[in-house]
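Structure first, commentary second.
What follows is calculated from the coordinates using simple rules that are stated; it is not laboratory data. Given the structure is predicted, the values throughout are model-derived calculations rather than measurements. Quick reminder, even Gly has a Cβ in these numbers, built from the backbone with ideal geometry, and neighbours come from all protein chains shown.
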Amino acid sequence: IEFTPNGDDEYVLTTDVSDLQVKAADGVDTAEITLTVFRNGERVTTGGLVFWAATSMGTLRQGSPGAEAPMRDNNDGSYTALLTSTSAGLATIVVSRDDVGGEVIGQTQVTFGMAATDDLVEETQDQIATFMLARTNNLVSNQPDIARFLIDNDCGNFSAQATEDSGSLNGCFSQNNVWTEISSSWSDGEAYTLFTVGAHRFVSPNMLVGAMLQVDSAESGSADVSGTGWMAGPYFVAKTPEQPLYFEGRVLYGQTSNQISPLGFYTDDFETDRWLVQLGVTGQYSVRDISLLPAVKFTYAEDRQQTYTDSLDNVIPGQTVSLMQLNAGMDFGIPLPSQSGSLELVAGVSGIYSATDGAAREPAFENLRGRTHLNVIYGTAAGTNLRVGAHYDGLGSDFESYGASLNLEVKF
C-alpha cells in the first residue's frame, strides 16, 4: 500500500496479491491493481479522473492489451488495472496521472511464478524439505558395505546400466586397506551421486578400524533444487571369535551447499549441517551347499537447514529433516551346475521400516514394507560376472516398485 499526497488528494495503491502470494505465469491468472482516491481524508465516491498504468513485465488487460493502459474508472473513487504474464518474474507497475508521461502517483509489484502459490515462504520450505528428505534417503541407501573388508578383504568391481532416460553406475576399488567407491543414478531429471574414499587398519584378525570421507551431489529437476556436500567420520568392523557374525558401525558428520530456484527466475543459496549413524550385524553360514546371509541394519540420519533470506527479501526459516531406517532380511545362495565358470542363484527377502520426522513443512511419515529379489550370476575365471536379476519392492504396503536388470560386473 502506498499513500501519495497531491494537494488535498491522497492516493492509495493496492493489489489483490499479498506480499508472499505468487500468481501463475500462464497468461490467465490475473492480478488486480487498484488506485483509490481520498480528498481531505475522505474517500471520493465519484469518478472522472484519468490514471495510466505501465508494467515492466506482463500484459495489462483493460482496453488494448499491452505494457501500458488507462486504468478502468469504477465511478466510485477507485480505478483498476488487470495484469497477466506468461513469464516468471517480478512485475513493477507504475501508476501516473492523466497519461503515461504524467505525474507518477506510485508503484507496486506482483510476483509471477511457474505455478501459483498463496505463500512463497511455505512453498520454498516445502521444496527444500522434499529435496532434503530425498537426498537423505539416497545417502542412506547408497552407504558403502564395510563388512566385506573383514569378510572378503577386497573390493574391486564396476557395473553400469542405462536406458534413454535413466541409468546407474557403481564401482569399488581397494588396495592395501585403502578403498574408493562410487554410486550414481539418474532418472527423469533426478540425479544422485555418492563418492567415498576410506582407509582402515586391522587391530586384530577379527577387527578393523578406519575413517571415510564422502562427497555427494543431488539434483531435483521437478523443483529446481540441487546441492553438493561432504561427510566424514570413523568406522569399524568386528567379528566374533567363535561364530561368523560380523558387526559394523559408522558415525559421519558433514555439511552441504545448495541452490534453489523456487519460481524459476531467481536462484538462492542455502546451507545445511547433517550427520549419520549406522550399525549393522551380518551373519555368514553354510548349510550343505547353501549359503545363508542374515542381516540387520539400523540407520539414523538428520539434515538441518539454516535460515536464510531469499532474493525477494523473504526470510526462509530453518528446518530439520530426519530419517530412521531399520532393515532385516535373509539372503541365500545356491550353486547351480555349469560346464564352465560358476553359476549361482542368489535370492533374498527383507523387511524395511522407515520413518521421517522433524521437517517444518513435511508431515511425519512411517512405512513398513517387504522387498524380495532374485538373481542368477555367471562368473568367469577372470573375475567377470554376468548378473540377471529381478526385484519387487512394496510387499504389504501401498508403495510398489519392481523391475529387471542385466549387469556386467568386471573385477580388477
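What to note about this one:
- Estimated 222 nm signal from helices in the chain, with DSSP H stretches of n ≥ 4 weighted -39500 (n - 2.57), rounded to 500: -2000 deg cm²/dmol
- Note: relative contact order over the chain, using C-alpha pairs below 8 Å and six or more positions apart, is 9 percent.
- Ordering of 212-219, 293-300 by packing [mean C-beta count within 10 Å, highest first]: 212-219, 293-300
- Fraction of antiparallel bridges per DSSP, the stretch 23-157 only, in percent to nearest 5: 95 percent
- What the Cβ-Cβ distance of A347 and F173 gives, at R0 = 25 Å and to the nearest 0.05, is a FRET efficiency of 0.35.
- For the stretch 2-113: rounded, prolate or oblate by the Cα gyration tensor [a/c cutoff 1.5]: prolate
- Taking M57, M132 and counting other C-beta atoms within 10 Å, the order from fewest to most: M57, M132
- Using alpha-carbon coordinates, inclination of helix 120-141 to the longest axis of the chain, degrees: 10 degrees
- Magnitude of the charge dipole, the stretch 1-157, Cβ model with Lys/Arg +1 and Asp/Glu -1, debye to 20: 260 debye
- Gyration tensor (alpha-carbon) shape descriptor, the stretch 82-166, a/c threshold 1.5: prolate
- Counting every other Cβ atom within 10 Å of each residue's Cβ, H200, H391 order from fewest to most as H391, H200.
- Sorted largest first, the spans of the alpha carbon positions of the chain along the three principal axes are 99, 41, 37 Å.
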